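Structure record follows, encoded as structure tokens.
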Amino acid sequence: MSVKKQVSENSKNIEISIDGRFDFSLHQHFRDAYANCKEHGQIFTLNLAATSYMDSSALGMILLLKDHAESHSGKVVIARPSESVNKILEIAQFHRLLTIEQ
Amino acid sequence: MTTFSEKRHIKLALVVDDSLMQCKVLSVLLKEEGYRVFTANDGARGVAMYIKYKPDLVLMDINMPIMNGYEAARKIKGLSQDNSLCPLIFITSMDTDQAFIESIDAGGDGILVRPFSPNVFKAKIKSIQRISDLYGQVKTLQQAQQKDAELAEQLMSGVIEARNFSRDRIGIIRQAAELFSGDIQLTALAPNGDVNVMLGDFTGHGLRSSIGAIPLAETFRAMTKKGFSLFEIITQVNHQLYDLLPADLFLAAGFVSISTHNASMYAFNAGLPDGYLFSELGEIKYQLSSTHPPLGVLPNLLPDSQLTVVSIAETDRMILISDGIVEARNEAGEMFEFERFEHAAKQGVLEGNVSKHVQQTVNNFCQDMPQEDDISLIDIPCGGWQQLLVGSHDFEHFPDKLLSDTSIKTLPAWHWQLSLRGKRLGIINPIPMAMSQINEIEGHADHWQSLYTILTELFINSLDHGVLGLSSELKASADGFSEYFKEREHRLRNLEEGFVELQLSHHPVPNGGRVIIKVKDSGKGFDITKYYKDRDVDSAAKLKFSGRGIDLVEQLCDSLDYQENGTVVEASYVWTS
């Protein structure tokens, strides 16, 4: 279970990947991954390819990231959610709030 | 809060050593530190003394007759109360790693190896006492917090569960992962006899996730009671939670309104797993999937949001669940999933107790695995909700002989009217306003429920058939109602002109009164004579998918007259106290 962060050379693209379960225990790590990224127009890609499970507090954490990105004119893209994680995103109808790339 | 040890001021120490000399030396040092000292010369006697005096500190030798120090330490630590650590220090001359490790394993909190100076001894006692005090503080705080949480939970369930409608007929599972459940189930009765039900799941669980529950319950109940439609309630709840909660806290919720009257269910799912409509044979008739993000995420509902309308039979059951059920895990890490749930729910429907059967099946599946999330379900019977409405008294036979129709010709005690035009007709629901006028002027009373039904039916008829020009023939099949509802939504959205005018007048008489309701619309009207003739034919042939509303109004009213080519309807309702 971990949060990994990669920043592109021009620092416009920030990729955050979550391994294993994405739940409240990652709260602090997840926040730390984006809190200092305050440049204008950054794109935060949340890579969920290796995420096995996600609970509702994880959905809440994604909304906080969305708020952060949008307050700096940036955006959040969710990338490659696994089948079970996608099911959770679908129930929460998150595709109507942000971009989800399969 | 004062604990026993604080009350008695003088601290007690117990020295357990088979050497009388050692006992004496340690006693002197302890007394200098303000302790009152008891001594025992073997382990067994030490345990007995511990039970008798409940000391604040134990000093223990290792090698002793009858029972050695390790065994005595294990016994004492097994006995010590939750609230105090009762520090235990081994005093020994065995300066080996093994002795040290065994001392700690036996439950010792420290070890002191002879020889030591009196000052080293006293410093050790002080340090161990400091840890012990800290432990006591933590325990006390923890208990205080637990008590507060229990109290808050009692208040919460008092506000939420105790005030739910029909707790005997609506099945509920409410199994919280912590003391506080982040899940909430609400049921309330609308003035027209519809039953509104909500199952909600706040983000996470515990106290943090239940702060939104009380305002949510209040809004849901008050708006249902005042006669707002389910969609208006959902819109308001979303708005309220968006204002109230931080960005990462929201409510996944399913809403259902059972209308026996229309043989339909109105439903909305914002972020919950699928809800299920079961027939009495346990077949899945409809699955209510989420069509909206959870409530409290967006400032307003998405523009294309609307209720789903599903035809129901009286024997159907509608079931809503939170994700805690389908995501419950067993020891092998498998989830309960939808397939197991559907099977368990079907069995429950057949056995006549859905909540009990599902709860048992989930708990058998999970065995002793700790529960990770709140588990909740609500099971609503679709029939048997017929409400007893107080019909109008026959004005001709009113008890007071002094009365005649002349009282109607006099000026009313009060008159209220509202005319809604164009777009406003699609946005504003005038019925709660009218009811609130009546309740404010005449006070709350049971017979106003009938008035609510009369007002609602007449207003909806004028709006639907008059202004929107919808034909009730659309409703002529079992699924027609949902078609009708869709078309109605569509026309309401695009409504630019037309009006409906509502008028209420109250003519009080001794011990009662007469309310005259007049509704006028901008529609084309209809052939009143033909309408009555067709209706008689239909009712003889029992072709009744529409017109139930008007039948009910006629039963409730003293009189009902269509005027001006059907563009005006006037009803009279007489009540006695």
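Read-outs: derived from the displayed coordinates by stated rules, not from any lab. Just so you know, these numbers come straight off a predicted model, no measurement behind them. Every residue, glycine among them, receives a Cβ derived from its backbone with ideal geometry; neighbour counts consider all protein chains shown.
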Nearest-0.05 FRET efficiency for B:Ser522 and A:Glu83, computed from C-beta distance (R0 51 Å): 0.40
Partner lysines for B:Lys518 [C-alpha distance under 17 Å; skip if fewer than 8 residues away on the same chain]: B:Lys409
Inter-label distance, nm, simple model (7 Å from Cα along the C-beta direction), B:Val28/B:Trp416: 9.3
Relative counts (whole %) of C-alpha pair distances in chain B, using bins that are 10 Å wide: 3, 14, 18, 16, 12, 10, 8, 6, 6, 5, 2, 0
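Would you mind checking A:Lys12/A:Lys75; B:Lys225/B:Lys520; B:Lys31/B:Lys124; B:Lys24/B:Lys122; B:Lys52/B:Lys126; B:Lys11/B:Lys122 for any pair whose Cα atoms are more than 19 angstrom apart?
Listed pairs above 19 Å: B:Lys225/B:Lys520; B:Lys52/B:Lys126.
If each DSSP helix of 4+ residues adds -39,500 (n - 2.57) and the sum is divided by the residues in chain B, what number results at 222 nm, nearest 500 deg cm²/dmol?
The per-residue figure over chain B is -12500 deg cm²/dmol.
Using a 10 Å cut-off around each Cβ, can you sort B:Leu502, B:Leu320 from fewest to most neighbouring Cβ atoms?
B:Leu502, B:Leu320
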³J(HN,Hα), Karplus 6.51/-1.76/1.60, whole Hz, each residue of region B:340-345, x for Gly, Pro: 5, 4, 4, 5, 5, 5
For a label point 7 Å along the Cα-to-beta-carbon line of B:Glu489, residues of region B:214-234 with backbone N under 18 Å: B:229-234
Counted charge near B:Glu283, where neighbours are those whose Cβ lies closer than 13 Å (Asp, Glu -1; Lys, Arg +1): 0
Cβ-based net charge around B:Pro65, under 9 Å, with every Lys or Arg adding one and every Asp or Glu removing one: -2
Principal axes of region B:161-381: Cα extent on each, largest first, Å: 45, 41, 33
C-alpha center-to-center spacing [region A:1-78, region B:412-491] in angstrom: 48
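Rank these for me by crowding, B:Tyr452, B:Tyr573, B:Tyr135, B:Tyr532, going from fewest to most other beta carbons within 10 Å.
Values: B:Tyr452 22, B:Tyr573 26, B:Tyr135 16, B:Tyr532 10.
With the fewest neighbours first, B:Tyr452, B:Tyr573, B:Tyr135, B:Tyr532 line up as B:Tyr532, B:Tyr135, B:Tyr452, B:Tyr573.
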Stokes-Einstein D (µm²/s) once Rh is taken as the Kirkwood radius of the protein assembly as shown over alpha-carbon pairs, at 4 °C in 1.567 mPa s: 42
Backbone HN-Hα couplings from phi across region A:41-58 [Karplus 6.51/-1.76/1.60, Hz, Gly and Pro as x]: x, 7, 9, 9, 9, 9, 8, 10, 4, 9, 8, 8, 7, 9, 9, 6, 5, 5
Value of relative contact order over chain B, rounded to a whole percent, pairs C-alpha under 8 Å and six or more apart: 10
Separation between Cα centres of region B:244-284 and region B:320-356, rounded to whole Å: 17
Sites A:Lys4 and B:Ile284 - FRET efficiency at Förster radius 35 Å, r taken between beta-carbons, to 0.05: 0.25
Label point distance in nm, A:Ala35-B:Glu473, each placed 7 Å from Cα along Cα→Cβ: 6.8
Zero-based 10 Å bins, Cα pair distances in region B:213-280, whole percents: 17, 48, 28, 7, 0
Kirkwood Rh and Cα Rg combined as Rg over Rh, evaluated for region B:12-91: 0.93
Residues in region B:450-469 reached by a label modelled at B:Ile428 [backbone nitrogen below 16 Å; 7 Å Cα→Cβ]: B:459-460, B:463
Chain lengthening between B:Leu20 and B:Ala144 when straightened (0.36 nm per residue, less Cα-Cα): 40.3 nm
Cut-off under 5 Å, modelled amide H: who pairs with B:Met64 long-range: B:Gly69
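Can you tell me the mean projection area, over all orientations, of the convex hull of region B:4-141's alpha carbons? Units nm², please.
7.6
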Likely footprinting exposure, B:Asp527, B:Asp464, fewest C-beta neighbours within 10 Å first: B:Asp527, B:Asp464
Partners for B:Lys423 among aspartates and glutamates (Cα-Cα distance below 13 Å; same-chain residues under 8 apart left out): B:Glu489, B:Glu496, B:Glu497
Cα→Cβ-extended label distance, 7 Å offset, between B:Glu339 and B:Asn119, nm: 7.6
Whole-Hz ³J(HN,Hα) from phi, Karplus 6.51 cos²θ - 1.76 cosθ + 1.60, for region B:216-224, glycine and proline x: 4, 4, 5, 4, 4, 6, 4, 6, 4
Amide H within-cut-off set for B:Phe165, under 5 Å, with H built and near neighbours excluded: B:Thr187, B:Ala188
Net charge over other residues, Cβ less than 15 angstrom from the Cβ of B:Thr235 (K, R count +1; D, E count -1): -2
Amide H within-cut-off set for A:Leu46, under 5 Å, with H built and near neighbours excluded: A:Ile16, A:Val77, A:Ile78, A:Ala79
